[in-house]
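Below: one structure, written as structure tokens.
The values are calculated or read from the model by the stated rules, or taken from the named source; none is laboratory data. Since the model is a prediction, treat every value here as computed from it, not as a measurement. Virtual Cβ from ideal backbone geometry, glycine too; neighbours counted across all protein chains shown. Note: accessible area is taken over every heavy atom of the protein model, side chains too, but ligands, DNA and RNA are not part of it. Shrake-Rupley method; radii C 1.70, N 1.55, O 1.52, S 1.80 Å.
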Amino acid sequence: MNLARFPRIRLGHLPTPLEPLETLSKHLGGPRLWIKRDDCTGLSTGGNKTRKLEYLMAEARAQGADTVITQGATQSNHARQTAAAAAKLGFACHILLEDRTGYTDPAYTRSGNVLLDKLHGAVVSRRPGGADMQAEMEALAEELRRAGRRPYVIPGGGSNPVGALGYVGAALELVAQAAAMDLRIDHVVHATGSAGTQAGLVAGLVALNSGIPVLGIGVRAPRERQEANVLALAQRTAEHLGLPAGTVRAEHVRANCDYVGQGYGIPTEAMVEAVKLVAEKEGILLDPVYTGKAMAGLIDLIGKGYFRPEENVVFLHTGGAVGLFGYPDAFGLPADSP
Ligand SMILES: *Cc1c(COP(=O)(O)O)cnc(C)c1O
């Protein structure tokens, strides 16, 4: 495997730190928890999409594009990081936001990520929940081509075999970092949505023969569909890397989708508790849509004895804290509180 043969434009502050969560580990009574700070990738407050965009934007440039188009939910972290990458590299950027939650609170529709999309100069337009967003992007691309532009379409979450290379790189980074720290990683746990993060990580960790299992905590789809999405993309990513067929197998892909609650982007009580706990014990901000639900899952699994007390569990922090500003009411802070 040779990642360096794929075009890449550096956008992130890498490597991101790998740090112990000492207070939280003690509070929960073990295992030993660690955090991989991919919320600190630097691009417009950071997050996991930055690693993917390093490869996607390089492909856009190689194809001679002058415009990028992408899509996501209203409070999409992917849209915000794409808008920032486009701004830095001199591309025009069109963002299509799908109303997946039906929330009309101006904090949700205008603050948080939406505010930053606009600050980075992206053209933002909205689509109703359930719209065929890939078709919407293709239609916009066609319109822009007729107007003489050269658009490059980035799928939702930047999740295709090119974007997933960013998380193959993260797997190499994590294994090297752990080796330098004499740290034996027993599990990696993170939020999984459009599947590119888990697919890239799994492809990378399996290719390295690391023996490190990855558990994705789902935020939208039921488990079978999520595992199938991750497996398919991990296999396509492995193929893109030139790994032998059969390298990534079903047994390498595990998701737990028991912590979604009512749906994508809809707060759960356990998410609120997890966000508050990590803020209070570690001074670290999680987010309401992804990492808060993933941490809620991790905490619940710890309580159920899923991990042994002496194991080292790495929580991959995929970012998203900007989204907190879209959900002021979820955290029980009344508007008139001091
Ligand atoms: C997009 C996102 C994820 C999920 O990553 P996928 O590659 O889409 O599965 C997790 N956390 C945050 C904060 C995200 O923005």
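Couple of notes before you dig in:
- Computed 3J(HN,Hα) for region 186-195, one whole-Hz value per residue from the Karplus formula 6.51 cos²θ - 1.76 cosθ + 1.60 where θ = phi - 60°, is 9, 8, 10, 10, 7, 6, 10, x, 6, 5, glycine and proline marked x.
- Ordered by solvent-accessible area of protein heavy atoms (1.4 Å probe), largest first, the residues MET271, MET1 come out as MET1, MET271.
- Nearest-10 value in Å² for the accessible area of VAL322, using the 1.4 Å probe: 20
- Dimensionless Rg ratio for region 66-132, taking C-alpha atoms and the 2.2 N^0.38 Å reference: 1.04
- Close amide H pairs (under 5 Å, H built 1.01 Å from N) link PHE315 with TRP34, ILE35, LYS36, VAL189, residues at least 5 positions away or on another chain.
- Volume of the Cα convex hull of the chain, divided per residue and given in Å³: 130
- From phi via Karplus (6.51, -1.76, 1.60), per-residue ³J(HN,Hα) for region 129-142 in Hz, x at Gly/Pro: x, x, 4, 7, 5, 5, 5, 4, 5, 5, 5, 5, 4, 5
- For CYS93, the accessible surface of its heavy atoms amounts to roughly 10 Å² (probe 1.4 Å, protein chains only, rounded to the nearest 10).
- Lysines whose Cα lies under 16 Å from that of LYS26, excluding same-chain neighbours fewer than 8 positions away: LYS281
- Shape of region 152-293, Cα gyration tensor, a/c cut at 1.5: oblate
- From the Kirkwood radius over Cα pairs of region 1-83, Stokes-Einstein at 25 °C and 0.890 mPa s returns a whole-number translational diffusion coefficient of 165 µm²/s.
- Net charge of neighbours whose Cβ lies under 14 Å from the Cβ of LYS276, counting Lys and Arg as +1 and Asp and Glu as -1: -3
- Atom-type composition of the exposed protein surface of region 126-259 places 49 percent of the accessible area on carbon and sulfur (1.4 angstrom probe).
- Under-5 Å amide H pairs with GLY218, H placed in peptide plane, nonlocal only: THR192, ASN256, CYS257, ASP258, TYR259
- Fraction of the pair-distance distribution of region 140-220 above 18 Å, Cα-Cα pairs, percent: 51
- In the context of the full set of protein chains, the chain has a per residue accessible area of 42 Å² (1.4 Å probe).
- GLU98 long-range amide H proximity, modeled H, under 5 Å: GLY72, ALA73, THR74, ARG127
- Stokes-Einstein diffusion of region 232-298 at 37 °C, 0.692 mPa s viscosity, Kirkwood radius from Cα pairs, rounded to a whole number: 235 µm²/s.
- Highest-MSF residue in the chain out of LEU241, LEU144, LEU285 [GNM, Cα springs under 10 Å]: LEU144
- Radius 13 Å from Cβ of LEU201, net charge of other residues (Lys, Arg +1; Asp, Glu -1): +2
- Backbone geometry of region 260-267 corresponds, through the Karplus equation with coefficients 6.51, -1.76 and 1.60 at θ = phi - 60°, to 3J(HN,Hα) couplings of 6, x, 6, x, 4, x, 9, x Hz, x marking Gly and Pro.
- Listed by chain and number, the lysines placed with their C-alpha closer than 17 angstrom to that of LYS52 are LYS36, LYS88; residues fewer than eight positions away on the same chain are left out.
- In terms of its C-alpha gyration tensor, region 176-230 has a prolate overall shape, because the principal axis ratio a/c (a ≥ b ≥ c, square roots of the eigenvalues) is not below 1.5 and a/b outweighs b/c.
- Working note: Cα atoms of region 76-175, range along each principal axis, descending, whole Å: 43, 36, 27.
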